[in-house]
Every structure is written in structure tokens, then in C-alpha cells.
Amino acid sequence: MSEDPRLLLRRLLDSALASAQPAQCLPPHLPEPPASRTVVVGAGKAAATMARAVEEHWEGPLEGLVVTRYGHRVPTARVEVVEAAHPVPDAGGREAAARILSLAKGLSADDLALCLISGGGSALLTLPAEGIELADKQAVTGALLRSGAAIGEINCVRKHLSAIKGGRLGAACHPARVVSLLISDVPGDEPAVIGSGPTVPDPTTFADALAVLQTYGIAEPDAVIRHLERGAEETPKQGDPRLAEAETRIVATPAMALAAAAEAAREAGYEPVVLGDALEGEARALAREHARLARDAAPGTVLLSGGEATVTVTGEGRGGPNAEYALALALALDGAPGIFATACDTDGIDGTEDNAGALVKPDTLARAGEAGEDAAARLAANDAYGFFAGLGDLVMTGPTLTNVNDFRAILVRR
């Protein structure tokens, strides 16, 4: 156990990321080619790398269009890749979604629609429902992201403001065969939540979406509220004949990523303990609980967890849920000796920042104090990014081109 704890934590993260790379996890799930056309459509932070993996392993004609986040494009030969904004949608995402829906509507019963969906698809596949403007979707998305709402709640609203999500894309592909390949970034790996479920039946309703906004005190834009109250055209539900033959295959999950990290921990001589792959809730509350578990853990233990933490934003600082978790963890550990930790988003982008997450060491608070930093004040201001940037302890990976949600590792090396 002599390996530098910081290097070991990074190796655990890298092992988790490697398990979710489309080049590795996607090819075994490819369907048989059809008699006629194969059209690839998709959206998400991994959409471009998924498209490339399909190209490299596909025999026969191939065409299509996927949309990914700015900076996540990779070279492809037959499937077009366009970029758009995330997490707040933009006109690029709207135009890409309109083109994707047009492709879907042009398919025949002899065709195959191969749909590639990964985390981030909800924001990138943006086609407002009739009566909703892009500015309306941008406003409600921003409000939901600041509210502390869980991803399932946010995506419930998104689906009911959309002309393409919540099963509508899959319905548009009918009568073509539809096979969806998904990389899960949501707790529970529910296909209806991953990318807001564009190709699967939607169990939520307009009333559910309206209730989410009411829960978090979001009462505008007016057009959004009126649209949800009207509930004119519900999303496709279980039993819809247009989705009856659609297939869904999940090719990578947070649990798989944690299993890969656990194996790397064992190889390094540590005993991994997986706390769960679907943990949700406020980042700072989760951190306090994990600090307690870390203090009680035996030396030579690595606590691993995934899921999606949230932040209710009340301050004016910078930082996503992983950096906020790390700062709250540092405060709760209060310099406990021998405990090192990292918390990162596996897409390489924590919230809207340029870091994947942050690193916590036993001397984090001491070094901050020497620099005149008040960790508690930074946390209150939701400024974890500024706190860790000042210490040089931000974790920077750049876009990882996959996404299996949050990754947290606490190394107990007392």
C-alpha cells in the first residue's frame, strides 16, 4: 500500500472511465444489419464516440446524424456529428433535433433505426413542443438546475415540453425496427430517464411535470405553465403499438464502472466497499454521511459510490455537485489523518465548469487556512470551484467522451 494515494485515486477513476468507453462496451450489443437502410440517430455526451464505434464494427451501408456537446466531437466517416449546448439548450440542439426527427419520419418497415443515447441527451436533443419557444425551455431548465431537483424530476418536465423526447422519437421511427443502445448516467438505469427516454414509453404525465415545478416553486415562464396545464398531447405510454417492437440495450452503467474501479483497488491491495451506484440527494448531506463511514472504516479500505448528487444553489460561487461534495467532505473529515478522496463527474465536466471534480487530502483544510481561505464560507456561497482552484486540487480530465454519472472514492490509509 505504498502507492501515492493521489495517483491511486486517479487510477480508480481511469479504470471506471475505461469500462464505459463506447469502443469497449458498445460493439457486443450491435444488432444484425437489416435488408434495407440503417440510419443512426442519437444524442448525448458520448454520442460521437458511440457513432464511431458503430462505424468501426458495422458491415453494410450506414448513415445518420447524432448531436453531442460542444468540444465532444470525434472524427466519423458515415454518421454526421453536430455539436450543441449543455446543460442549457441552444439553437444548435434545436436544429439537430429537428433534423433527427425528420430522418426518423422517413423510415420504412425494412429499415433499422439505431438510436444512440447517453447522458446529456436531454439538453442536446431539444425540440420544443408547439407553443413553447427555445427561450422558455432555457429558462425552465436553468431554474430546475438551480433548484436541487433530482434528474428524474427534471427529465419529467423536459419530456412534456418536447416534440421528440419521452418516446416521441421512437414513435416517429415506426414502422422501422428500432434498437436503442444506451449508456446510463441516471440512478436506477431507467431507460425512460436516460436522455429523457426518446425511444421508450414514458410513465410520467403532464400532471407529474406540473407537480415538479410546483414543488420547487417555479411559476414561469407563463407559456410553460399553460402548456403543462393544458396537457393536450400526452407522451407515448406502455402498450403504444408504435413502440411495441422497439428494443433497448444498456451497454454501460454506473455499476459496471464501480466494479472496474473495485477491481483496480483490489489489485492495489485495498479492500473496496461499494456504497451504491444510485445515490441521490444534496451533495453536502451525502458528504457528511460518507465522512462518518470513512472515519469508521478499517485501514486499507476504499469506499466507492456513484449516482447523482444535487445542489440547491443559494450562493453566487462556481462549482458543480462533485466539487461541492468534496468541499463538504473535507469539512466533515476535519483533517482526519490518512483519508484521501476524489469526487468527479465521469463526463469530465462538473456541472458547467471545466473540471471533472476535486481532490481531498488530510491537509486540505490546513493548507486552506494558511492561504486565508474560509472553507465553510466557500461552501455557503456554493464556491467549491474557487476553493479547490486556489489549492491546486481541481481534477481536470477534459471531456471523457462517455458518461456514467458521478464517481466517488474515499481511500482510508491510516
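Tabulated data for the structure shown
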{"quantity": "The stretch 79-91, subset in contact (Cβ under 8 Å) with a residue 24 or more places away in the chain and of a type outside the set (V, I, T), residue surrounded by the most Cβ atoms within 10 Å (Cβ to Cβ)", "calculated": "H86"}
{"quantity": "Residue check, L17 buried (at least 17 other Cβ atoms within 10 Å of the Cβ) and farther than 27 Å from P175 by Cα", "calculated": "yes"}
{"quantity": "The stretch 377-406, subset within 20 Å of the chain's Cα centre (by Cα) and of a type in the set (S, T, N, Q), residue most open to solvent (accessible area, probe 1.4 Å)", "calculated": "T397"}
{"quantity": "Single residue of the stretch 251-276 satisfying the filter (open to solvent by 50 Å² or more (accessible area, probe 1.4 Å) and outside any helix (DSSP H, G or I)) that is farthest from M50 (Cα to Cα)", "calculated": "E271"}
{"quantity": "Neighbours by Cβ (under 8 Å, 6+ apart or cross-chain): first from the stretch 305-321, basic (K, R); second surrounded by fewer than 21 Cβ atoms within 10 Å (Cβ to Cβ) and not in a loop (DSSP other than H, G, I, E, B)", "calculated": "R318/G386"}
{"quantity": "Near pairs, Cβ below 6 angstrom, 6+ apart or cross-chain, from the stretch 241-267 (in contact (Cβ under 8 Å) with a residue 60 or more places away in the chain) to any residue that is surrounded by fewer than 18 Cβ atoms within 10 Å (Cβ to Cβ) and not in a helix (DSSP H, G or I)", "calculated": "L258/V274"}
{"quantity": "Residues of the stretch 186-199 satisfying the condition of being over 20 Å from P236 (Cα atoms) and open to solvent by 20 Å² or more (accessible area, probe 1.4 Å)", "calculated": "P187, G188"}
{"quantity": "Matching residues, the stretch 320-341, being open to solvent by 10 Å² or more (accessible area, probe 1.4 Å) and under 27 Å from Q21 (Cβ atoms)", "calculated": "P321, F340"}
{"quantity": "Where a residue in the stretch 349-363 is surrounded by 19 or more Cβ atoms within 10 Å (Cβ to Cβ) and its partner, wherever it lies, is polar (S, T, N, Q) and assigned to a strand (DSSP E or B), with Cβ under 7 Å and at least six apart", "calculated": "G357/T342; L359/T342"}
{"quantity": "Inter-residue pairs, beta-carbon under 7 Å, first over 11 Å from P22 (Cα atoms) and in the stretch 40-54, second open to solvent by 10 Å² or more (accessible area, probe 1.4 Å) and of a type in the set (K, R), 6+ apart", "calculated": "K45/R69"}
{"quantity": "The stretch 20-34, residues that are surrounded by fewer than 20 Cβ atoms within 10 Å (Cβ to Cβ) and part of a helix (DSSP H, G or I)", "calculated": "A23, Q24, P27, P28, H29"}
{"quantity": "Residues that are in contact with a Lys or Arg (Cβ under 6 Å, 6 or more places away or on another chain) and of a type in the set (A, V, I, L, M), drawn from the stretch 71-123", "calculated": "V74, V81, L112"}
{"quantity": "Segments classed as helices (runs of 4 or more DSSP H), wholly inside the stretch 103-168, with at least 2 members that are surrounded by fewer than 19 Cβ atoms within 10 Å (Cβ to Cβ) and either of a type outside the set (V, I, T) or at pLDDT below 95 (or both)", "calculated": "134-147"}
{"quantity": "Index of the failed condition, L7 passing every other in (1) touching a residue at least 24 places away in the same chain (Cβ under 8 Å); (2) within 26 Å of N405 (Cβ to Cβ)", "calculated": "(1)"}
{"quantity": "Yes/no for L65 being open to solvent by less than 20 Å² (accessible area, probe 1.4 Å) and in a strand (DSSP E or B)", "calculated": "yes"}
{"quantity": "Residues of the stretch 35-62 classified as in a helix (DSSP H, G or I) and touching an Asp or Glu at 6+ places or on another chain (Cβ under 9 Å), total", "calculated": "2"}
{"quantity": "Filtered residues of the stretch 214-250 (kept if crowded, with 16+ Cβ neighbours inside 10 Å and touching a Leu at 6+ places or on another chain (Cβ under 8 Å))", "calculated": "Y216, I218, V224, I225, H227, L228, P236, T248, I250"}
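Each row is one residue, and each column tells you yes or no for (1) open to solvent by less than 50 Å² (accessible area, probe 1.4 Å); (2) over 30 Å from E267 (Cβ atoms); (3) in contact (Cβ under 8 Å) with a residue 40 or more places away in the chain.
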{"site": "L279", "(1), (2), (3)": "yes, no, yes"}
{"site": "R284", "(1), (2), (3)": "no, yes, yes"}
{"site": "R288", "(1), (2), (3)": "no, yes, yes"}
{"site": "A298", "(1), (2), (3)": "no, no, yes"}
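The values are calculated or read from the model by the stated rules, or taken from the named source; none is laboratory data. None of the values given here were measured: they were computed from a predicted structure. Note that we place each Cβ from the backbone using ideal geometry, even for glycine, and neighbour counts take in every protein chain shown. Please note that ligands, DNA and RNA were not included when accessible areas were found on the heavy atoms of the full protein model with its side chains. Shrake-Rupley method; radii C 1.70, N 1.55, O 1.52, S 1.80 Å.
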